[in-house]
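In what follows, a structure is listed as structure tokens, so that the remarks can point back to it.
The values are calculated or read from the model by the stated rules, or taken from the named source; none is laboratory data. Everything quoted here is computed from the prediction, not taken from an experiment. Virtual Cβ from ideal backbone geometry, glycine too; neighbours counted across all protein chains shown.
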Amino acid sequence: MITQFSSELPGHICIGVDGYENSWNVSNETSNGPDIEMLEELIAKLKLYNNVDETKIRIVGVSNGGGLALRAAVEINDLAVDTIVCMLSQTHDFQYRASAFWYPLNDLYTGDEWPQDGYTTQKTPIPQRRIVQMNGRADTVVPYSGGPFVGVNFLPATESAFRFAQAQGYTGLELTTGPLYGASSRIYDYGNVIFFREDVAHIISDDMKHLLGQYLENDYDITTQPS
């Protein structure tokens, strides 16, 4: 992860974290590790360093890590985390249902042996911060159009971003298109929430990496195209 993103994020201190048993505890994974507690402890430690801007701590996750990033978007209250980036994943219908976001009260309760995989505690409102969700339209691993994977049903990627936008104060209708970015990518701008979709499968495209760097390193401008 550090090798993949460090060249796009020269102004950031990049830290790669491994999950227990090589996975993150989102729902039915092998791990029942206390991942949110771990992230909160890591954030607290990072704030102690005098070369860390404690107002700009960001979480970037890919695939299963993207699912963890969206757990963090809902569950971590510390506003030192000003931006969450989820790549190649989206919310599922245990985390978002009945017009609200939910979370597991205890990480040991995640998994299909518990009602709603343990997502039984409602979080209203969720913390207010920037959220970026990036998906490939040809993704069939975490299905772009929504559907089952690892024992849960994922929302369509477009709806997932819209539901987070609503939680961040967006009051308009769900966007059906957005400006072109690069050759075929599109950006859906909900203000504090950005949805980016690319014509790729379950991979990180160059445009995704470029937008990540542009968004986190600079003041984001949807009119700025990749070179």
Any idea how many residues of the range 126-141 are over 21 Å from Glu75 (Cβ atoms) and of a type in the set (Val, Ile, Thr)? 2
For the range 99-117, check the following and say yes or no: at least one residue is under 29 Å from Tyr215 (Cα atoms), among the polar types (S, T, N, Q), modelled with pLDDT of 95 or more and touching a helix residue (DSSP H, G or I) at 6+ places or on another chain (Cβ under 8 Å). no
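A quick yes/no check of all residues on (1) part of a strand (DSSP E or B); (2) not acidic (Asp, Glu):
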| site | (1), (2) |
| --- | --- |
| Ala44 | no, yes |
| Asn50 | no, yes |
| Glu54 | no, no |
| Ile59 | yes, yes |
| Leu70 | no, yes |
| Ile84 | yes, yes |
| Ser89 | no, yes |
| Asp117 | no, no |
| Thr120 | yes, yes |
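Mind listing whichever residues of the range 185-213 are in contact (Cβ under 8 Å) with a residue 40 or more places away in the chain and either farther than 23 Å from Met1 by Cβ or assigned to a strand (DSSP E or B) (or both)? I'd like the intermediate steps shown before the answer.
First, the residues of the range 185-213 that are in contact (Cβ under 8 Å) with a residue 40 or more places away in the chain: 192-205, 208-213.
Passing the criteria: Asn192, Val193, Ile194, Phe195, Phe196, Arg197, Glu198, Asp199.
Every residue, every condition in (1) charged (D, E, K, R); (2) part of a helix (DSSP H, G or I); (3) surrounded by fewer than 19 Cβ atoms within 10 Å (Cβ to Cβ); (4) out of contact with any helix residue (DSSP H, G or I) (no Cβ under 6 Å at 6 or more places or on another chain), yes or no:
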{"residue": "Met134", "(1), (2), (3), (4)": "no, no, no, no"}
{"residue": "Ala138", "(1), (2), (3), (4)": "no, no, yes, yes"}
{"residue": "Phe164", "(1), (2), (3), (4)": "no, yes, no, yes"}
{"residue": "Ala183", "(1), (2), (3), (4)": "no, no, yes, yes"}
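Looking only at residues that are assigned to a helix (DSSP H, G or I) and of a type outside the set (A, V, I, L, M, F, W, C) in the range 23-42, which one is nearest to Ser63 (Cα to Cα)?
To start, the set of residues in the range 23-42 that are assigned to a helix (DSSP H, G or I) comprises 35-42.
Then drop every residue that is not of a type outside the set (A, V, I, L, M, F, W, C), which leaves 35, 37, 40-41.
Working: Asp35: 15, Glu37: 20, Glu40: 21, Glu41: 23 Å.
Result: Asp35.
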Please list, ordered by first then second residue, the pairs with beta carbon atoms under 8 Å, 6 or more apart or interchain, first in the range 1-22 and modelled with pLDDT of 90 or more and in a loop (DSSP other than H, G, I, E, B), second among the aromatic types (Phe, Trp, Tyr) and surrounded by 13 or more Cβ atoms within 10 Å (Cβ to Cβ). Cys14/Phe5
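So which residues in the range 39-70 are among the polar types (S, T, N, Q) and free of Cβ contacts under 8 Å to residues at least 60 places away in the same chain, if there are any at all? Outline the logic, then answer.
The first filter runs over the range 39-70 and keeps only residues among the polar types (S, T, N, Q), leaving 50-51, 55, 63-64.
Once the filter is applied, which keeps residues that are among the polar types (S, T, N, Q) and free of Cβ contacts under 8 Å to residues at least 60 places away in the same chain, the range 39-70 yields Asn50, Asn51, Thr55, Asn64.
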Among the numbered conditions (1) surrounded by 14 or more Cβ atoms within 10 Å (Cβ to Cβ); (2) at pLDDT 90 or above; (3) in contact with a strand residue (DSSP E or B) (Cβ under 6 Å, 6 or more places away or on another chain), tell me where Leu155 comes up short. (3)
Selection within the range 122-132 - within 17 Å of the chain's Cα centre (by Cα), outside any loop (DSSP other than H, G, I, E, B) and not charged (D, E, K, R): Ile131, Val132
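Could you say which residue among Gly169, Gly178, Gly146 is touching a Pro at 6+ places or on another chain (Cβ under 7 Å) and surrounded by fewer than 21 Cβ atoms within 10 Å (Cβ to Cβ)?
Numbers: Gly169 fails: touching a Pro at 6+ places or on another chain (Cβ under 7 Å); Gly178 fails: touching a Pro at 6+ places or on another chain (Cβ under 7 Å).
Selected residue: Gly146, the only one of Gly169, Gly178, Gly146 that is touching a Pro at 6+ places or on another chain (Cβ under 7 Å) and surrounded by fewer than 21 Cβ atoms within 10 Å (Cβ to Cβ).
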